[in-house]
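Asker: Got a structure here, written out as structure tokens. Questions coming.
The values are calculated or read from the model by the stated rules, or taken from the named source; none is laboratory data. As the structure is a prediction and not an experimental result, all values here were calculated from the model. Cβ atoms come from the backbone with ideal geometry, glycine included; neighbour counts cover every protein chain shown.
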């Protein structure tokens, strides 16, 4: 049996998100277990990731939770990753959530503000 090896080929620069998807991600309502990256027309797309609808949005933006999401990378990174996918037969998968949840309590750094959020 072939041993599994993992290598980080790119750090996340961002995703194209719509509506309140960022709030769902920060509320840990995203599932990246079935996610993978695919090249289409010189762009890289993240497929198979489920971002649950944000409950407090009350139907504001009805999006498909598993829709493809474009990866925001510069051209040099896109070419490098596309080459690895095509020529070497590698698979690109997400290994962590793109936007981590913010800390629960964080003191404000401004001397004019006495708040915590």
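Asker: Going by the structure shown, is residue 78 touching a strand residue (DSSP E or B) at 6+ places or on another chain (Cβ under 9 Å) and at pLDDT below 85? Before the answer, list the steps.
Answerer: Details: touching a strand residue (DSSP E or B) at 6+ places or on another chain (Cβ under 9 Å): yes; at pLDDT below 85: no.
So residue 78 fails the test.
Asker: Then there's this: Out of (1) under 17 Å from residue 93 (Cα atoms); (2) touching a residue at least 24 places away in the same chain (Cβ under 8 Å); (3) surrounded by 15 or more Cβ atoms within 10 Å (Cβ to Cβ), the odd one out for residue 14 is which?
Answerer: Here residue 14 meets the rest and fails (3).
Asker: Give all pairs with beta carbons closer than 6 Å in which a residue from the range 82-99 that is closer than 16 Å to residue 44 by Cα meets a residue that is at pLDDT below 80 and surrounded by 15 or more Cβ atoms within 10 Å (Cβ to Cβ); count only pairs at least 6 apart in sequence or on separate chains.
Answerer: 98/12
Asker: Considering only residues that are surrounded by 13 or more Cβ atoms within 10 Å (Cβ to Cβ), part of a strand (DSSP E or B) and out of contact with any helix residue (DSSP H, G or I) (no Cβ under 9 Å at 6 or more places or on another chain), which ones fall in the range 40-95?
Answerer: Answer for the range 40-95, where residues must be surrounded by 13 or more Cβ atoms within 10 Å (Cβ to Cβ), part of a strand (DSSP E or B) and out of contact with any helix residue (DSSP H, G or I) (no Cβ under 9 Å at 6 or more places or on another chain): 45, 46, 47, 50, 70.
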